[in-house]
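Chemist: The structure's right below; bear with me while I get my questions together.
Just so it is clear, none of the values below were taken in a lab; they were calculated from the coordinates. These numbers come from a predicted model, not from an experiment. Note: ideal-geometry Cβ built from the backbone for every residue, glycine included; neighbour counts use all protein chains shown.
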Amino acid sequence: MSFIVKCIDCGHTAPYFPTSVNCPRCNSQWREAQYDYETLAKTLPLQLPDRPFDLWRYRELLPVRSPNPAITLGEGGTPLVQAVNLGMMLGCPNIFIKDERQGPTASFKDRQAAVTIAALKEAGITEMVVASTGNVAIAYSAYAARAGIKLWAFVTSLVPAVKMREIALYGSQVIKVTGSYDQAKQVAAEFARQRSLYQDMGARTTTSVEAMKTISYEIAEQLTAVFGPVTPSEGRQPAWRTPDWYIQAISGGMGPLGVAKGFAELKQMGLIDGIPAIGVIQAEGCAPMVEAWKQGQETAKPVSSPRTHIETLATGDPGRSYTFLRRIVDDSHGAFESVSDEEAFRAMHVLAKMEGISAEPAAAVAFAGLFKLVRAGVVKPTDTVVINCTGHTMPPERLVLGDGWARNVVLPSRVMEETPQEGLLAALSRVAPDRFPRIAIVDDTTEARLLIRRILQSQGNFTIFEASDGKEALQLIEREVPDLIILDLMMPELDGFAVLDALKAKPETANIPVIVSTAKELTADEKDRLKGRIQSLMQKGDFMNDEFLDEVRALIS
């Protein structure tokens with residue numbers, strides 16, 4: 001399939017070659033690939049049923065003329081997992097996780113590396129340079145090794161050593177730069193210039209953005225498999241499904257740029273009817289795009305000294321990526337949001353303990369952002385949401401590599417702050433069980449008990465007891481004498497009010513703290529019956545507002 005690259009600034013079109021990074025007319029480095037969408041709209045849907053569900057399924061929409069099967073590692077085709085328990089917790093049942101941890105090197109950067117390395121191999125390029133905070137260099141290292149391309153990986157000294165060792169394991173040369181990520185990029189660029197080497201330039205690299213759009217193609221197909229096609233207007237074929245929201249944590253912003261382009265192309269080909277709102281999440285300590293968007297600015301002010309321990313998201317100067325993302329977010333009625341490191345670490349625990357998905361901190365930033373957007377009412381309960389779980393990297397053993405696997409470059413510009421261990425949430429989670437190690441959950445609904453249990457388990461190592469009715473609850477409480485009771489009011493036969501009466505009548509149970517949960521809007525009389533007898537009244541739908549955990553913590557203090 002033929003394709004060209006078009007300059008975003010002057011509109012000039014030209015054939016695509018990886019080594020041609022500047023527009024020949026205006027010298028801009030911002031160009032995008034374009035294809036014969038009219039023809040593809042007719043031919044692609046007919047060819048897809050016979051193809052494997054992987055990245056190369058969409059080969060006619062990628063800037064590689066003849067994909068080389070000898071260098072593929074099975075990239076793309078990652079699962080779309082419905083987050084049933086998170087959906088219950090947030091009151092938003094249609095939350096889906098695009099599990100990019102399932103890529104060959106366990107991150108969504110495998111897509112970028114696969115397409116770029118395929119294009120470089122096709123062009124005869126044998127050596128390249130990349131600056132990275134971890135996952136990009138790991139992915140490129142794997143694919144470069146398979147393709148026989150020498151890779152120079154410039155990483156900041158704050159990148160976890162386990163990631164550096166994995167980069168080195170593939171045979172790449174690791175250059176540790178004691179400086180910020182933006183400084184590492186500058187050093188890498190100068191190194192590439194002096195040696196006339198190809199350099200990956202992130203969002204300005206055509207193949208990188210094009211690779212990321214395959215995420216949107218897969219999501220549309222996968223949601224269609226779940227919900228069925230959209231019923232079209234008269235005279236049209238059924239359309240693929242799209243979510244109401246696509247949410248991702250970003251550093252430089254390349255992922256959402258590619259995903260948005262993919263959805264736009266699907267709409268141009270008539271395969272989908274609408275484009276989802278794009279949610280872009282950054283770490284608070286390095287959130288130049290979020291700050292600029294919330295202040296209505298057209299350009300983002302660089303953050304010279306990032307204040308986040310999530311180093312993989314510490315791009316202080318997004319450059320023009322913000323300009324393009326701002327337009328995408330505004331046009332799609334999306335949002336920029338930031339979250340604290342602590343919120344991200346907490347989301348890691350919630351995600352692992354409620355959905356069985358272990359994500360690295362950068363991926364957890366997206367989930368913490370989702371929690372904020374739901375809490376603020378930006379994401380509605382009826383919305384279908386796809387959130388990108390961007391990565392989870394497994395480290396190689398320290399002794400595998402031996403000594404001398406990296407070189408050091410120390411920049412004298414500033415002294416880097418020591419990065420503490422990412423254990424703030426773990427420490428917080430251990431506080432509650434110290435005071436309330438044993439908790440009884442009383443509710444006649446199995447799903448409600450399961451949800452409360454999972455929320456508690458995400459916060460610490462509690463011993464949890466369950467009762468499904470009032471009579472069973474009184475027997476359990478008398479036998480186990482828990483430190484805290486979470487009590488449903490609306491139960492058949494012996495309801496929560498009767499259970500409270502029985503508890504208060506006995507000295508051994510009268511002083512056990514009780515949090516009441518109910519789905520019913522209580523009358524004034526019913527609220528009076530609870531006054532002075534419980535610590536908190538919770539509407540079940542309010543778990544999404546973190547009030548449940550806040551009440552537990554309030555009891556501790």
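Chemist: What lysines does LYS267 reach when the alpha-carbon gap must be under 30 Å and sequence neighbours fewer than 8 apart in one chain are set aside?
Modeler: LYS6, LYS42, LYS98, LYS109, LYS213, LYS294, LYS372, LYS380
Chemist: Testing the spin-label approximation: label points 7 Å from Cα along Cα→Cβ at ASP495 and VAL226. State their distance in nm.
Modeler: Modelled inter-label distance: 3.7 nm.
Chemist: In terms of modelled amide H atoms, which long-range or inter-chain residues lie less than 5 Å from the amide H of VAL303?
Modeler: The list, which skips near neighbours in sequence, is ASP317.
Chemist: Output the peptides 523-529, 300-306 sorted from most to least packed, where packing is the average of other Cβ atoms within 10 Å over each peptide's residues. Before the final figure, lay out the partial values.
Modeler: On the way: 523-529: 10.4, 300-306: 16.9.
Put in order of decreasing packing, that is 300-306, 523-529.
Chemist: Would you calculate the convex hull of the Cα atoms in the chain and tell me its volume per residue in Å³?
Modeler: So the per-residue Cα hull volume is 181 Å³.
Chemist: Taking the Cα centre as origin and putting +1 on Lys and Arg beta-carbons and -1 on Asp and Glu beta-carbons, what dipole magnitude results for the stretch 36-168, to the nearest 20 debye?
Modeler: 240 debye
Chemist: Would you work out which of ALA498, HIS12, LEU46 lies farthest towards the positive end of the dipole of the chain, given +1 charges on the beta-carbon of Lys and Arg and -1 on that of Asp and Glu, about the Cα centre?
Modeler: In the chain, that residue is HIS12.
Chemist: Just going by the charge dipole of the chain, with Lys and Arg at +1 and Asp and Glu at -1 on Cβ, which of VAL329, MET354, SER304 is farthest out on the positive end?
Modeler: Value computed over the given set: SER304.
Chemist: For the stretch 88-126 and the stretch 462-476, what is the separation of their Cα centres, given in Å?
Modeler: Distance between centres, Cα-based: 45 Å.
Chemist: Once amide H atoms are built 1.01 Å from N in the peptide plane, which residues 5 or more positions from SER517, or in another chain, come under 5 Å H to H?
Modeler: Placed amide hydrogens put LEU487, ASP488, LEU489, MET538 under 5 Å from SER517.
Chemist: Still on this structure, please answer the following. Distance in nm between label sites at VAL410 and GLU472, each 7 Å beyond Cα in the beta-carbon direction?
Modeler: Each label point is offset 7 Å from its Cα along the Cβ direction, giving 6.5 nm.
Chemist: Grab the DSSP H runs of the chain that are 4 residues or longer, score each as -39,500 (n - 2.57), total them, divide by all residues and round the 222 nm result to the nearest 500 deg cm²/dmol. Write down the numbers at each step before the final one.
Modeler: Values: 19 runs with 216 residues, N = 557.
Calculated mean residue ellipticity at 222 nm is -12000 deg cm²/dmol.
Chemist: Under a point-charge model restricted to the Cβ atoms of Lys and Arg (+1) and Asp and Glu (-1), what is the dipole moment magnitude of the stretch 180-235 relative to its Cα centre, in debye to the nearest 20?
Modeler: 380 debye
Chemist: Also, I was wondering about something else. Work out the charge dipole of the chain with +1 on the Cβ of Lys and Arg and -1 on the Cβ of Asp and Glu about the Cα centre, then indicate which of ALA220, LEU271, TYR198 is farthest towards its positive end.
Modeler: Towards the positive end, the residue furthest out is TYR198.
Chemist: How about LYS506: which aspartates and glutamates have a C-alpha closer than 13 Å to its C-alpha, ignoring those fewer than 8 places off in the same chain?
Modeler: The qualifying aspartates and glutamates are GLU478.
Chemist: Still on this structure, please answer the following. What is the stretch 62-196 by shape, rounded, prolate or oblate, if you read a ≥ b ≥ c off the alpha carbon gyration tensor as root eigenvalues and call it rounded for a/c under 1.5, prolate for a/b larger than b/c, and oblate otherwise?
Modeler: Taking the square roots of the gyration eigenvalues as a ≥ b ≥ c, the stretch 62-196 is oblate.
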